[in-house]
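Q: Structure below; questions to follow.
The values are calculated or read from the model by the stated rules, or taken from the named source; none is laboratory data. Values in this document were obtained by computation on a predicted structure and should not be read as measured data. FYI the Cβ positions are ideal-geometry reconstructions off the backbone, even for glycines, and counts take in every protein chain you see.
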Amino acid sequence: SEAEGSQVERWAVDAWDEAAGRWVNCFNGRTIGVDFVAPIVARTTPKARLRLMRTTAGDPQVTTFDAFDDRLGDPFSMPRGQDPPARQGR
């Protein structure tokens, strides 16, 4: 969730690559809102992390970071650099 008056402006999700022994970026985004779901290409990883790279003034807080295997989700395509549509989480 977001604290009043503050917002996450840039963020990324990384997956741990066991073979390389390092974090690999798998999704970048701009704003995060309540119940936002990032449609990431399926992958197997022992761990994942959410990096908040830029925020507005204040103290934005992410209270939940979950991963789902949602193969029935609606696929979508968008131009490079566009924000993905907000998708309702489960």
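Q: Filter region 13-34 down to the residues that are surrounded by 12 or more Cβ atoms within 10 Å (Cβ to Cβ) and in a loop (DSSP other than H, G, I, E, B), then identify the one that is modelled with the highest pLDDT.
A: 30
Q: Something else now. Which one of these is touching a residue at least 24 places away in the same chain (Cβ under 8 Å) and either touching a Ser or Thr at 6+ places or on another chain (Cβ under 8 Å) or under 20 Å from residue 79 (Cβ atoms) (or both): 12, 42, 48?
A: Matching residue, one of 12, 42, 48: 12.
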